[in-house]
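In what follows, a structure is listed as structure tokens, so that the remarks can point back to it.
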């Protein structure tokens, strides 16, 4: 367990410069602490939520129209917003990025990417149509058979792993929930 450097520089409550030190409550991690109002600022991983949309024997991928990884292929996914459940966030991202009509299914993959402070969560989704209306973050939304996947053009390791889990499970005829730590 590494203690990633704190990024908070000023107290979010009173604006005073924070100190990076151990809290007085027995916590074992360095935290950003305000010397004025004593607020302890905790920094936690961001959740990335998305779907693995399936149409028959094909999966839907989106070609990114934004950085990072502009022009690379990904599953529809993005950061969870405040006030959303995991499922609501995954559904929103799929609608925004792919313009897909779908039915959300079971949790499929959970991957910790500790070095960047993220957790990536993917749900299976059953597409209800093969017509897409991608939003501004997507250049193109397209269905791929396994043999057509542009493996060298996949944007993120978590997406590549999720696709590999899916195709391996499909061959077995059983879809499991997958967990992985990405270094």
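Meeting the requirement of 2 or more residues that are loosely packed, with under 15 Cβ neighbours inside 10 Å and assigned by TED's automatic domain parsing to the domain that holds residue 133, the strands (runs of 3 or more DSSP E) wholly within the range 13-117 are 102-113. Scan the range 153-183 for residues that are assigned to a helix (DSSP H, G or I) and over 22 Å from residue 116 (Cβ atoms) and the total you get is 7. Which condition breaks for residue 135 when tested against (1) surrounded by fewer than 22 Cβ atoms within 10 Å (Cβ to Cβ); (2) touching a helix residue (DSSP H, G or I) at 6+ places or on another chain (Cβ under 8 Å); (3) within 26 Å of residue 174 (Cβ to Cβ)? The single condition residue 135 does not satisfy is (3).
The values are calculated or read from the model by the stated rules, or taken from the named source; none is laboratory data. Being a predicted model, the structure only gives us computed values, none of them experimental. Cβ sites come from the backbone with ideal geometry, for glycine too, and all protein chains shown count toward neighbours.
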